[in-house]
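Engineer: Quick one: the structure is below, questions incoming.
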Amino acid sequence: MTLFNGIFPFYWQGRKPFVFNVSIIIVIIVFLALTLSFLLILPGIRGRARLYWLLRVILSLFIGVVIVVVQFTGDWETGWVTAKTSYKSFSNAVVNADIGLHIGLAGVNVTLVGNPVNQINETINYNEHFSWSFGEDYDLSYNEGLERGLPRPILYVAEKFTLNSPCGVHAQYRISGHYASATMWVAFCAWLIANMLFSMPVLVYGGYMMLVTGAFVLFSLLSFSTVRNFPMCAIQFGLASLETAYGGSFWLTLATSLLCFLIGMFVIVLNYWRPKQLKAFFDLCEDEEEGGKELGEVYVNTQLVASEVLVPPSDIRLTVKNI
């Protein structure tokens, strides 16, 4: 690179927020539209059934949106450190900055925020995403960052996750992220089936499917947590060290898994101990569950039936003729 007024140039790059992005916003808008649509029809439900419907729909949509959204977030594992570090390659400029590492199922985000933001006549506020999802080449995106001239701290952290890095964590994080994402999609399918079963007179099977949903969500957490069994390379900035821990998405997913188990056990226990209360909570009448009394009770007018009974006269004779 050539100097421009004594400063190494940095080319424009698409920056991606480490928590919220376009995919997350789209998913949230879709689920908000479903929630608002339900709220519009909620006044038409009478009595306590209105409260039951509100509780069921809100809990169900919360579980669904969490299962989908956390697959696009980048804070399953996070870490921050404040340090003085060199800012550019081939330069002696030193800046004081906050350096963050955010690991998701599809890649890593590395942030660099100056402390203060404006230093050495520049605005230091970077957030770079390096993807390892299907169809993406992590090393290629890292090499593109080198060509663009990204700040040295960002390249230093991103280099730890390259395929040929001595750290050897690229394969662990990529494979665990793929399996975690796959099991989350299976959990989403189980969540859809559970909601369909809850709208039918087979509530206990809906409870079982909620347990299956919680189990697959828990499997995704176990898949991602396997990377913690391998020692992470030291990421040093002078005397300061960048260490990571489970982030908000991980704990939110864990809470959602426990909520699925709680709902499933609640439905199964009430189905055996308080079936009438369970049917009332799901707004199911007894006729719908039995399936054989759709027309209700039948009342018979005994006087009318008795008057219409045909009694044959006593003088009737049966004769048989030969033809």
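The values are calculated or read from the model by the stated rules, or taken from the named source; none is laboratory data. Being a predicted model, the structure only gives us computed values, none of them experimental. Using ideal geometry, Cβ is built from the backbone for each residue, glycine included, and neighbour counts are taken over all protein chains shown. To get the accessible areas, we keep the full protein, side chains included, count just its heavy atoms, and leave off ligands, DNA and RNA. Shrake-Rupley method; radii C 1.70, N 1.55, O 1.52, S 1.80 Å.
Engineer: Using unit Cβ charges (K, R positive; D, E negative) and no other charged atoms, how large, in debye to the nearest 20, is the dipole of region 40-141 about its Cα centre?
Structural biologist: Dipole of region 40-141, to the nearest 20 debye: 900 debye.
Engineer: Another question, if that's okay. Of 68, 89, 44, whose Cα points farthest to the positive end of the dipole of region 36-93 (charges on the beta-carbon: +1 Lys, Arg; -1 Asp, Glu; origin at the Cα centre)?
Structural biologist: So the residue we want is 44.
Engineer: What is the extension gain from residue 243 to residue 189, computed as 0.36 nm multiplied by their sequence separation minus the C-alpha to C-alpha distance, in nm to one decimal? Don't skip to the answer; put the middle values down first.
Structural biologist: Details: separation 54, 0.36 × 54 = 19.44 nm, distance 3.53 nm.
Length gained between residue 243 and residue 189: 15.9 nm.
Engineer: State, as an integer percentage, the relative contact order of region 145-246 based on alpha-carbon contacts under 8 Å between residues 6 or more apart.
Structural biologist: Working: 83 pairs, mean separation 27.4, N = 102.
It comes to 27 percent, rounded to a whole number.
Engineer: What FRET efficiency comes out for residue 29 versus residue 136 if R0 is 25 angstrom and r is the Cβ-Cβ distance? Round to the nearest 0.05. Write out the running numbers ahead of the final one.
Structural biologist: Working: r = 25 Å, r/R0 = 1.00.
Result of the calculation: an efficiency of 0.50.
Engineer: Keeping the other protein chains in place, figure out the carbon and sulfur percent of the accessible area of region 73-180, with a 1.4 Å probe. It would help to have the intermediate numbers written out before the result.
Structural biologist: Working: 2290 of 4540 Å².
Result for region 73-180: 50 percent of the exposed heavy-atom area is carbon or sulfur.
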